[in-house]
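Every number in this text was worked out from the coordinates using simple rules, so none of it is lab data. It should be emphasised that the depicted structure is a prediction, and the values quoted were computed from it without experimental measurement. Here the Cβ positions follow ideal geometry from the backbone for every residue, glycine too, while neighbour counts run over all protein chains shown.
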Amino acid sequence: MRTLYLLLITGILSGCNTSPPEKVVKINKMVIPVVQAQPESKSSSDSASLSLYQDNKQQIENVVISLKNEYLHEVKPREMFDVHSQAYQVYASLTKLEQMQQMNNFYYKEHNQTGLLSINQFVNSLIE
């Protein structure tokens, strides 16, 4: 009887513990890069900055869509506020990606190619 009770408790508790996907963990652990702009030639910098900006924007949007499609289809409202739920972790990742998109916009407006490159490196590591 005691082993049955112990087995039942173990089964219940293990069902409550869901670990978030590796991509979500990686996003949640990231630190959004804050990089000072380096003085560069304006003409070559504009086209390179635009290319990096558009690439970063598209890749971030693809990751956001991927996370939403894979993990947020049938989310219950209480899961969104449960710190231990997978849905909560995914929403935290989406928030980080939104912050990264804002920094991408800022770096583009400031013509900060170094900042755009740092975002590009991180986003590329998510896709690999």
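By counting other Cβ atoms within 10 Å of each Cβ, how are Asp82, Asp55 ranked from fewest to most? Spell out each step's value before the answer.
Values: Asp82 13, Asp55 16.
If I rank by nearby Cβ atoms, fewest first, I get Asp82, Asp55.
Listing Met103, Met80 from fewest to most neighbouring C-beta atoms within 10 Å gives Met80, Met103. Evaluate the Debye formula for region 19-127 with equal point scatterers sitting on the alpha carbons, no solvent, and hand back log10 of I(q)/I(0) at q = 0.15, 0.16 Å⁻¹, in q order, two decimals. Cα-only, vacuum Debye calculation for region 19-127: -0.64, -0.70.
For Val34 and Ile127, what is the calculated FRET efficiency with R₀ set at 22 Å and r taken between the beta-carbons, to the nearest 0.05?
That pair, Val34 with Ile127, gives E of 0.45.
Here's the picture: charge each Lys and Arg Cβ at +1 and each Asp and Glu Cβ at -1 in region 19-127, and of Phe81, Val35, Leu94 the one pushed furthest to the positive end of that dipole is Phe81. Extension gain, Phe81 to Asn62, is 4.4 nm, computed as 0.36 nm per intervening residue step minus the present C-alpha separation. Legend: ranking of residues His84, His73, His111 from fewest to most surrounding C-beta atoms inside 10 Å; resulting order His73, His84, His111.
The lysines whose alpha-carbon is closer than 17 Å to the alpha-carbon of Lys68, local same-chain residues fewer than 8 away aside, are Lys23, Lys26, Lys57, Lys76, Lys96.
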